[in-house]
Amino acid sequence: MPDSLHGRGLVAAVVVLLALGGCDADPPLAAPTTAAETSTGVPGTTSPSPVGRSYTAAELDLCARTDLAVLADLALTVTRTDPKPPAGRPAAACLFEMRTETGHQANLRVEASTPVTVDEARQLYQGTQQATGMTPAGPVAGVGDEAEAFTKRSTPGFKYAEYMVHARTDNLVVKVWLAVGGESYLPTAKLAAMSLEILTATQAAVPTA
């Protein structure tokens, strides 16, 4: 990752449980739908801006590269991973389906998209802003040219707290969605700290062309 991208790491004292399989899982609650996921990002729809640094995420294995140690305090067990990227653009992704110690559902989705131009990356970023279905939590400083977060709380038979943060730097757009269920809502600040560490690590993992 270029030197200009930086973030703080949290020190994880406990190793997260990564055993695949195990308990019978309910169908996972879906990650937030965004208009960007159905956008083709076809070059030429706008006057392209020059790319300062050109990133390429298509060959990145985010299931292997995402370090779940930051989630150690949550004592989650991974039950399934899905590396399917969003359609219609150069991208990499991984969905981690997990369970808490009390058997509640938890999910983490990490995406890195690298449209051809900066203008297309801006459109992708703005599409998430407009169609996420979550509550805006304000801008996030220090993690890109532009970045912001969203939150949501629901009760699908248990208390389910969600946090999403996305950031754009040049033609790179990274999105992290973390959702954890339980008898009580996990504090937003805790979800935010974990999500931001994963976001900055993902930014650092995406190579330049």
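The values are calculated or read from the model by the stated rules, or taken from the named source; none is laboratory data. These numbers come from a predicted model, not from an experiment. When we count neighbours, we look across all protein chains shown, and the Cβ atoms used for this are built from the backbone with ideal geometry, even at glycine. These accessible areas exclude ligands, DNA and RNA; they are computed on the full protein's heavy atoms, side chains included. Shrake-Rupley method; radii C 1.70, N 1.55, O 1.52, S 1.80 Å.
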Fraction of accessible area attributable to carbon and sulfur, region 158-209 (%, probe 1.4 Å):
60
Under 5 Å between amide hydrogens, which residues at least 5 positions from Glu148 or on another chain qualify, with H placed 1.01 Å from N in the peptide plane?
Val140, His166
According to a simple spin-label model (label point 7 Å from Cα along Cα-to-Cβ), what is the distance in nm between Arg80 and Asp61?
2.1
Probe 1.4 Å, all chains present, heavy atoms only: Thr135 accessible area in Å², nearest 10, is 80
List the lysines whose Cα sits under 16 Å from the Cα of Lys84, skipping any in the same chain fewer than 8 residues away.
Lys175
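I need the peptides 116-124, 139-147 ranked by packing, meaning the mean over residues of other C-beta atoms within 10 angstrom, with the highest value on top.
Working: 116-124: 21.6, 139-147: 15.8.
For the peptides 116-124, 139-147, the packing ranking is 116-124, 139-147.
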Ignoring ligands and nucleic acids, Arg109 exposes an accessible area, probe 1.4 Å, in Å² to the nearest 10, of 40
